[in-house]
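Throughout, read-outs are computed from the coordinates displayed, never taken from laboratory work. All values derive from a computational prediction rather than experimental measurement. Positions of Cβ are generated from backbone atoms using ideal geometry, with glycine treated the same way; all protein chains shown enter the neighbour counts.
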Amino acid sequence: MFSLNKKGVSGVITILVLTLASIAGAGIIYTSLQGSINTLLSPQLACTELQLSPPIEITEACINSEGNLQVSINRELGSELSDITFNVNTQDQSYRYVCGLACGVNCILPKEGQTKTYYLYPEEIPTTIATSISNCQIDTRQIPNC
């Protein structure tokens, strides 16, 4: 009858156990890193989604009779917002105004389905305005007189 070499069998079992442990370890590492990788890729994906289906729209942007920039923003239904950034460009400079939950009473975001008018006071006559959400540019307009 044929007898097994116990040293040879134990070597095969050791290799099999190490291989399974390596595969399990790789699976655990992949699972734990997957959340970090998705977080890193998420802003780009979220920005593209925001641009394809913007939660806000500039309905009017003009210089009013007092020389101030008047901007009307319409917020779509079902949109979640924590802030809106207005980037106002003049011939020489850019001005940045942030309106959001952290700003308190001075700058309240429009409610869902609501249009709200903001008055901005750049030091120079603005030429264009762009709105951004989470550093993602959503809308840009030229600024005429009202």
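Couple of notes before you dig in:
- Whole-number D in µm² s⁻¹ for the stretch 54-142, Kirkwood Cα-pair radius fed into Stokes-Einstein, 37 °C, 0.692 mPa s: 250
- Local electrostatic count, Gln93, Cβ distance below 12 Å [Lys/Arg +1, Asp/Glu -1]: -2
- For the stretch 49-71 and the stretch 82-137, distance of Cα centres in Å: 8
- The slack in the chain from Ser32 to Ser72, taken as 0.36 nm per residue of separation less the alpha-carbon distance, amounts to 10.0 nm.
- For the stretch 93-146, trypsin sites (Lys or Arg not before Pro) are listed when DSSP marks them as loop and at most 11 other Cβ atoms sit within 10 Å of their Cβ; the list is Lys111.
- The slack between Thr59 and Thr128, meaning 0.36 nm per residue of separation minus the straight C-alpha distance, is 23.5 nm.
- ³J(HN,Hα), Karplus 6.51/-1.76/1.60, whole Hz, each residue of the stretch 69-85, x for Gly, Pro: 7, 10, 10, 9, 10, 9, 9, 6, 5, x, 9, 9, 9, 10, 6, 10, 10
- At an R0 of 22 angstrom, the distance between the Cβ atoms of Leu120 and Glu80 translates into a FRET efficiency of 0.40.
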